[in-house]
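The values are calculated or read from the model by the stated rules, or taken from the named source; none is laboratory data. Keep in mind it's a predicted model, so treat the numbers as computed, not measured. Note that each Cβ is placed from the backbone with ideal geometry, even for glycine, and that neighbours are counted across all protein chains shown. Note: areas computed on protein heavy atoms with side chains; ligands, DNA, RNA excluded. Shrake-Rupley method; radii C 1.70, N 1.55, O 1.52, S 1.80 Å.
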Amino acid sequence: MADAPKDLAEFVRRLRAAGELVEIDAPVDADLEVAEVHRRVIAANGPALLFRNVRDRDFPLVTNLFGTRRRVEMAFGTEPLELVARAVALAQSELPPKPSRLWQERGLLSRLARLGPRTGRSGAVLEAAQSPARLDRLPALKTWARDGGPFLTLPLVLTAHPEHGGFNLGMYRGQVFGPDRLGLHAQIGKGAGFHLAAAEARGSALPVHVHLGGPPAAVLGAIAPLPENVPELLLTSFMLGSRTRMAKVPGSPLPVFADAEFCIVGRIEPGARRPEGPFGDHYGYYSEVHDYPEITVDKVLHRPGAIFPATVVGKPRQEDFYIGDYLQELLLPILPMVMPGVIDLWSYGETGYHSLAAAIVRERYARESMSTAFRILGEGQLSLTKFLLLTDGHVDLRDFRRTFEYVLERAELPGDLYLFGNLSMDSLDYAGPKINQGSKGVLVGLGEARRQLPAEFEGSPPPEVRRVVPFCRGVLCVETDDYASAPDLAPALALHEAFAKWPLVVLTDDAERAARSDQNFLWTTFTRFDPARDVVPSKVELIGTQAAYHPPLVIDARMKPWYPEELFCDAATAATVSGRWRDYFPNGGVEMGDSDQGHLD
C-alpha cells in the first residue's frame, strides 16, 4: 500500500489514475445543483467528482473524495490500522521491553519518532493570495433549499489556546456571510469553543486559520474524538508517516498547513456572534438558526491552480459515514488502554454516530458495567452519546440486529434500563426540549439469556394502530397516527395486551420503512426520540428513589411537530439535475442514484 498522499492535489492524481474520479466540464451552479449531482452519485456508490466550471467562481471544485471504503483507504492507507494495533501491543508488553522486541518494532518506532509538525517559511499555499478577501469567489456550496447560504463543509480549523498555546484542529462548518465574513459553527463543548471562551475571558480576539485541502490525513485528525489535550496534529503526522509540513504566515501568530489548497486567515473578535443556519445536517434533518462566532477575514491564501474541496451531508450514508467507520477501526485498539473496562465499542453512523453506541464490557463485580458506562459517557466526544447498549458477551457489535437481540435477551427488566434526564446533548440533535439539552439512556444485557424473544406478531392491536411489523426478535415497529394527532398514545400501547410479550415496541410514522433494514431502523428510531421523555414503560416502580421500568418499553419515535424537517431535494433542482445528467457525463458510465433515499432502503 502506498504512503498516504501528502496533499489534495496528489490525492486527486491518484484517484484519476485509479479510475475513481470523473471530471465534469459542463457549467454547474454552486447553489444547490452541485450538491444534488453529488448526492445522486454517492447514492449509487459512484466516483469522486471534479467540477471544472463552477459558474461565477474562480476555482474548480472536488467532492465525494471519501464516498467509498476504497477511497477512504486511498486517502489514509490501511497501514495505520496495523500500526496502531502494534503500538498498543508494544505498550502493553513487558517493561522494559527486551532489545529483541524493540528491534522487531524498529519500523514502528521510527514512525513514532516522526510525529508532530515541522514548521518552515515556505509552502505552496503561500504563493498566492486574495487581499482583500473575496470569499464570494470560492465555490462554497449551498446544499439544501432552506440552507442559510453557502457553507464551507470540509474546513480544517486551526486555533491555539491563548494561555498555553496548545493547538486545536477541528472541523466546524463555516457559513459565508460576505467577502470577508465567515461564520464558524464552533460549539462550546469542542476545542475551538474552549479556546474562544478563554480568549474572550481575557478580552482578546482569537486568531483562526481555516484551511481547505492539504493532507487528507488532516481530515482524520480534525474529526477524531481524541481527549481534549491530545494534539490532533500528532494523529495527522502519524497517518502521514512523516512530520506535518507547516509554514509561518507573516502577520499571524498561527502556522498554516504548507500544502493546503487554501487558508482563510482571520480572527474572532470578543463577543462577535451572528445568526447561523439553517443547514441540512448529517443527521438527515435541518439544523436551525442559532448564534455562532463570526470570523473577520483578513486574507485568503491559496496555492496556484488550487482545487476547492467540499462534501455534502444528509441522510445516511454520506462521506462522513465511511470516514467515521474507518476512524473507529483505527482507534479501537487504544480503547482498552484508556478505558480498561471496555473490550469493544461501536457507534452507529446511520444514527449520526452520537445517537447510539454499543459496547462489550467487563463485569468482574456487580455493576462494573455501569462504572464503564459512565466512563464512556464522560469521554470526549463519546460524552455526546444519547443511548448506549452494554453487554459482556461475544457478539459482533457491527451487526446491529444481532447485537440488539443479544442485549434484549439478557436485559433484566425492570432493573437494567437507566434513564438520565436534564443533561447536555449534541447541539445538532433536536429531540430534546432545548438546543444542547436532552437525556441519555443505558440498556444493559449481561450473562446468560433470560428470555426467548418472540419473532412473529400474533396479537390483535388496538384500532389506533394501522400496521405492525417486526424488526427483529423482540422488537416491533408500530405505525399509528402522527404525533400531533395522538401525542398521548404511547402509554396506552405499553399497557395493551397485544404487546405484552414484546420487550420493545417502537412507534413510528412508517412501520414498513423502519423495519425494512438495519440502517432504516437505526435512522428512523434513534434520531427521533429523547430517552427521558419518549421511552414509556408499562409501569414505573420506585425502589427507594431508583426508578424501575417494566416491559414492554415503548419508544415514541414519531416525528414531533418541533423537530426540524427531513431533508429532501427541492423539485426545481431535482428537475434541473435529471435534465442535465448527460451534460455532466456525456460519456455515460455514472449511475444516477436516489438522493432522497441516500443508502436507506
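At a glance:
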item	result
Those residues of segment 409-427 which are out of contact with any Phe, Trp or Tyr (no Cβ under 8 Å at 6 or more places or on another chain) and in a loop (DSSP other than H, G, I, E, B), in sequence order	A411, E412, G415, D416, M425, D426, S427
Tabulated pairs, segment 499-523, first surrounded by fewer than 21 Cβ atoms within 10 Å (Cβ to Cβ) and assigned to a helix (DSSP H, G or I), second of a type in the set (K, R) and at pLDDT 95 or above, C-beta under 7 angstrom, 6+ apart or interchain	E512/R467; D518/R401
Some residue of segment 342-351 being surrounded by fewer than 20 Cβ atoms within 10 Å (Cβ to Cβ), assigned to a strand (DSSP E or B) and polar (S, T, N, Q)	no
Residue check for P293: assigned by the TED database to the domain that holds L32, crowded, with 23+ Cβ neighbours inside 10 Å and not in a loop (DSSP other than H, G, I, E, B)	yes
Selected residue [open to solvent by 10 Å² or more (accessible area, probe 1.4 Å), charged (D, E, K, R), closer than 21 Å to E319 by Cβ and in the same structural domain as G277 (by the TED database)] from R137, R181, R173, R202	R173
Residues that are open to solvent by less than 20 Å² (accessible area, probe 1.4 Å) and either at pLDDT 95 or above or more than 21 Å from P216 (Cα to Cα) (or both), drawn from segment 187-197	G193, H195, L196
Considering residues of segment 362-385 that are within 18 Å of the chain's Cα centre (by Cα) and outside any loop (DSSP other than H, G, I, E, B) only, the residue farthest from M425 (Cα to Cα)	I376
Lone unmet requirement of (1) within 28 Å of Q597 (Cα to Cα); (2) part of a loop (DSSP other than H, G, I, E, B) for Y322	(2)
Checking G415 against (1) at pLDDT below 95; (2) under 30 Å from Q187 (Cα atoms); (3) among the small types (G, A, S), the condition it does not meet	(2)
Members of segment 229-259 found to be without any contact (Cβ under 8 Å) to a residue 12 or more places away in the chain and within 25 Å of Y326 (Cβ to Cβ), listed by number	V230
One residue from A494, A484, A490 being of a type outside the set (S, T, Y), in a loop (DSSP other than H, G, I, E, B) and either open to solvent by 10 Å² or more (accessible area, probe 1.4 Å) or over 30 Å from Y292 (Cα atoms) (or both)	A484
Test: residue in segment 470-479 that is open to solvent by 60 Å² or more (accessible area, probe 1.4 Å), under 33 Å from the mean Cα position of the chain (by Cα) and farther than 20 Å from A411 by Cα	no
In segment 571-586, the residues that are within 21 Å of G67 (Cβ to Cβ), open to solvent by 20 Å² or more (accessible area, probe 1.4 Å) and not aromatic (F, W, Y)	A574, S578, R580
Scan of segment 209-231 for residues that are open to solvent by less than 20 Å² (accessible area, probe 1.4 Å) and either under 17 Å from A75 (Cα atoms) or in the same structural domain as G378 (by the TED database) (or both), ordered by number	L212, G213, G214, P215, P216, A217, A218, V219, L220, G221, A222, A224
Every residue from segment 524-539 that is in contact with a helix residue (DSSP H, G or I) (Cβ under 7 Å, 6 or more places away or on another chain) and either outside any helix (DSSP H, G or I) or open to solvent by 30 Å² or more (accessible area, probe 1.4 Å) (or both)	T527, V536, P537, S538
Of residues in segment 296-332 being of a type in the set (F, W, Y) and under 29 Å from T527 (Cβ atoms), the one least open to solvent (accessible area, probe 1.4 Å)	Y326
Evaluation of S355 against (1) surrounded by fewer than 21 Cβ atoms within 10 Å (Cβ to Cβ); (2) within 22 Å of the chain's Cα centre (by Cα) (one fails), failing number	(1)
Out of L158, L154, L126, sole residue that is assigned by the TED database to the domain that holds A222, modelled with pLDDT of 95 or more, buried (at least 16 other Cβ atoms within 10 Å of the Cβ) and closer than 30 Å to D570 by Cβ	L154
Condition met for V54 (closer than 27 Å to Q130 by Cβ and either within 25 Å of the chain's Cα centre (by Cα) or crowded, with 16+ Cβ neighbours inside 10 Å (or both))	yes
Residue among L397, L388 that is in contact (Cβ under 8 Å) with a residue 40 or more places away in the chain and either outside any loop (DSSP other than H, G, I, E, B) or in contact with a Lys or Arg (Cβ under 7 Å, 6 or more places away or on another chain) (or both)	L388
Matching residues, segment 363-383, being at pLDDT 90 or above and over 14 Å from M339 (Cα atoms)	R364, Y365, A366, R367
Single residue of segment 390-400 satisfying the filter (within 21 Å of the chain's Cα centre (by Cα) and open to solvent by less than 60 Å² (accessible area, probe 1.4 Å)) that is farthest from K539 (Cα to Cα)	L397
Enumeration of residues in segment 260-274 that are touching a residue at least 60 places away in the same chain (Cβ under 8 Å) and either assigned to a strand (DSSP E or B) or in contact with a strand residue (DSSP E or B) (Cβ under 6 Å, 6 or more places away or on another chain) (or both)	A260, E261, F262, C263, I264, G266, R267, I268, R274
Answer residue from segment 321-338, given it is at pLDDT 90 or above and among the aliphatic types (A, V, I, L, M) and is farthest from the chain's Cα centre (by Cα) among those	L327
Scope segment 401-421; condition out of contact with any helix residue (DSSP H, G or I) (no Cβ under 8 Å at 6 or more places or on another chain) and open to solvent by 40 Å² or more (accessible area, probe 1.4 Å); matching residues	R402, E412
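The rows are residues; the columns are (1) open to solvent by 50 Å² or more (accessible area, probe 1.4 Å); (2) more than 30 Å from R55 (Cα to Cα); (3) among the charged types (D, E, K, R); (4) in contact with a helix residue (DSSP H, G or I) (Cβ under 6 Å, 6 or more places away or on another chain).
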residue	(1), (2), (3), (4)
Q546	yes, yes, no, no
K560	no, yes, yes, no
P564	no, yes, no, no
C569	no, no, no, yes
G588	no, no, no, no
G598	no, no, no, yes
